[in-house]
Amino acid sequence: MAMLLEFSMSPLGKGESVSEYVARSLDVIDRSGVPYQLNAMGTVLEGEWDQVVGVVGQCMERMSQDCDRITCTIKFDWRKGATGRLQSKIDSVEKRLGRKLKR
């Protein structure tokens with residue numbers, strides 16, 4: 001069941017800037033081998049359900065090592081038989097506009 005899963009995970013009570021903790025999650029994600037795309041508000045993963053949820057779980061485990069409270073939002077988009085959607089969804093919109101968009 002291939003899908004796109006977007007999530008944003010942050011510790012609570014660690015001050016105004018949490019980039020140190022976000023960077024740890026990105027290390028986990030990057031090492032996982034799962035295709036992903038980082039954006040300013042979260043990360044989109046592409047893969048099978050167990051695979052992408054497993055990566056989110058690994059990020060949670062890593063963050064919980066020194067964080068007592070964590071918040072996470074997750075949304076996913078499953079489309080039967082569709083793969084390579086990290087790029088193809090963007091390509092589709094750019095094609096309709098007739099131009100490349102900022103990234």
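The values are calculated or read from the model by the stated rules, or taken from the named source; none is laboratory data. Everything numeric here is computed off the predicted structure, so don't read it as measured data. Quick reminder, even Gly has a Cβ in these numbers, built from the backbone with ideal geometry, and neighbours come from all protein chains shown.
To keep it simple, each residue is scored yes or no on (1) in contact with a helix residue (DSSP H, G or I) (Cβ under 9 Å, 6 or more places away or on another chain); (2) over 26 Å from Lys80 (Cβ atoms); (3) modelled with pLDDT under 95; (4) hydrophobic (A, V, I, L, M, F, W, C).
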| site | (1), (2), (3), (4) |
| --- | --- |
| Pro11 | yes, yes, no, no |
| Arg24 | yes, yes, no, no |
| Asp27 | yes, yes, no, no |
| Asp30 | no, yes, no, no |
| Asn39 | no, no, yes, no |
| Gly42 | no, no, no, no |
| Gly47 | yes, no, no, no |
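Could you check, for the range 5-26, whether at least one of its residues is touching a strand residue (DSSP E or B) at 6+ places or on another chain (Cβ under 8 Å), within 19 Å of Asp77 (Cα to Cα) and either hydroxyl-bearing (Ser, Thr, Tyr) or surrounded by fewer than 17 Cβ atoms within 10 Å (Cβ to Cβ) (or both)? Outline the logic, then answer.
Our first condition is that a residue be touching a strand residue (DSSP E or B) at 6+ places or on another chain (Cβ under 8 Å); within the range 5-26, this holds for 5-12, 18, 21-22, 25-26.
In the following step, the residues that additionally are within 19 Å of Asp77 (Cα to Cα) were identified as 5-9.
Next, only the ones that are either hydroxyl-bearing (Ser, Thr, Tyr) or surrounded by fewer than 17 Cβ atoms within 10 Å (Cβ to Cβ) (or both) stay: 8.
So far as the range 5-26 goes, yes, one or more of its residues are touching a strand residue (DSSP E or B) at 6+ places or on another chain (Cβ under 8 Å), within 19 Å of Asp77 (Cα to Cα) and either hydroxyl-bearing (Ser, Thr, Tyr) or surrounded by fewer than 17 Cβ atoms within 10 Å (Cβ to Cβ) (or both).
Can you name the condition, by its number, that Thr73 falls short on among (1) among the polar types (S, T, N, Q); (2) loosely packed, with under 12 Cβ neighbours inside 10 Å; (3) not in a strand (DSSP E or B)?
(3)
For residues in the range 27-85 being hydrophobic (A, V, I, L, M, F, W, C) and touching a residue at least 60 places away in the same chain (Cβ under 8 Å), which is nearest to Phe7 (Cα to Cα)?
The first filter runs over the range 27-85 and keeps only residues hydrophobic (A, V, I, L, M, F, W, C), leaving 28-29, 34, 38, 40-41, 44-45, 49, 52-53, 55-56, 59-60, 63, 67, 70, 72, 74, 76, 78, 82.
This time we only want the ones that are touching a residue at least 60 places away in the same chain (Cβ under 8 Å), so: 70, 72, 74, 76, 78, 82.
Numbers: Ile70: 13, Cys72: 7, Ile74: 4, Phe76: 9, Trp78: 15, Ala82: 20 Å.
Looking at residues that are hydrophobic (A, V, I, L, M, F, W, C) and touching a residue at least 60 places away in the same chain (Cβ under 8 Å), I get Ile74.
Condition test on Leu38, is it surrounded by fewer than 16 Cβ atoms within 10 Å (Cβ to Cβ), on the phi < 0 side of the Ramachandran plot, in contact with a strand residue (DSSP E or B) (Cβ under 9 Å, 6 or more places away or on another chain) and in a helix (DSSP H, G or I)? Working first, answer last.
Numbers: surrounded by fewer than 16 Cβ atoms within 10 Å (Cβ to Cβ): yes; on the phi < 0 side of the Ramachandran plot: yes; in contact with a strand residue (DSSP E or B) (Cβ under 9 Å, 6 or more places away or on another chain): yes; in a helix (DSSP H, G or I): no.
Spelling it out, it is not the case that Leu38 is surrounded by fewer than 16 Cβ atoms within 10 Å (Cβ to Cβ), on the phi < 0 side of the Ramachandran plot, in contact with a strand residue (DSSP E or B) (Cβ under 9 Å, 6 or more places away or on another chain) and in a helix (DSSP H, G or I).
Picking from Arg103, Arg99, Arg62, which residue would you name as being under 24 Å from Lys14 (Cα atoms), charged (D, E, K, R) and out of contact with any Phe, Trp or Tyr (no Cβ under 7 Å at 6 or more places or on another chain)?
Details: Arg103 fails: under 24 Å from Lys14 (Cα atoms); Arg99 fails: under 24 Å from Lys14 (Cα atoms).
The conditions single out Arg62.
If you check every pair at least six apart or on different chains, which have Cβ atoms under 7 Å apart with a residue in the range 1-18 that is without any contact (Cβ under 8 Å) to a residue 24 or more places away in the chain and more than 28 Å from Ile90 (Cα to Cα) first and a residue that is among the small types (Gly, Ala, Ser) and assigned to a strand (DSSP E or B) second?
Val18/Ser10
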